[in-house]
Amino acid sequence: MTALELHIISDGRQDLEAYAKTAGKIHPYVTSFHLREPARNASELWQGVQALLAEGVPAGKIMINDRIDVAWAARLQGAQLSFRSLGV
């Protein structure tokens, strides 16, 4: 039997503090949280990561879309890269 996974992806419209508060409540039941925030800069994403960590979400459950620099600096699970992303 294949294990099921649940990934929660931000939509770029919600306040990251609110996203983090929700994530903190449900993280035991979630495989991964993705910050998909193309309009936010590195500093804003860093603050979003810090909010997730402060709410108790393990770094191993946080992924950042398209920002390998922030993922690396925060020592997160990883980053999801696209064809236009900075390469590894």
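For this structure, a couple of remarks:
- Long-range HN-HN contacts of HIS34 with modeled amide H, under 5 Å: ILE8, ILE9, SER10, MET63
- With the helix formula -39500 (n - 2.57) applied to DSSP H stretches of n ≥ 4, the chain reaches a computed 222 nm mean residue ellipticity of -10000 deg cm²/dmol.
- The alpha carbons of the chain give a radius of gyration and a Dmax of 12.4, 41 Å, in that order.
- Our summary gives the stretch 1-66 a relative contact order of 40 percent, counting only alpha carbon pairs under 8 angstrom and 6 or more residues apart.
- In units of the rule-of-thumb radius 2.2 N^0.38 Å, the stretch 1-42 shows an alpha carbon radius of gyration of 1.31.
- Extension reserve of the ILE9-LEU81 stretch, reckoned as 0.36 nm per residue once the Cα distance is removed: 24.5 nm
- Accessible surface area normalised per residue over the chain is 65 Å², counting heavy atoms of protein chains with a 1.4 Å rolling probe.
- Rg and Dmax [Cα atoms of the stretch 34-76; Å; Rg one decimal, Dmax integer]: 9.2, 25
- DSSP-defined antiparallel bridges as percent of all bridges, the chain, nearest 5: 0 percent
- Carbon-plus-sulfur accessible fraction, the chain (probe radius 1.4 Å, protein heavy atoms only): 55%.
The values are calculated or read from the model by the stated rules, or taken from the named source; none is laboratory data. Because the structure is predicted, anything quoted here is derived from the model rather than measured. These accessible areas exclude ligands, DNA and RNA; they are computed on the full protein's heavy atoms, side chains included. Shrake-Rupley method; radii C 1.70, N 1.55, O 1.52, S 1.80 Å.
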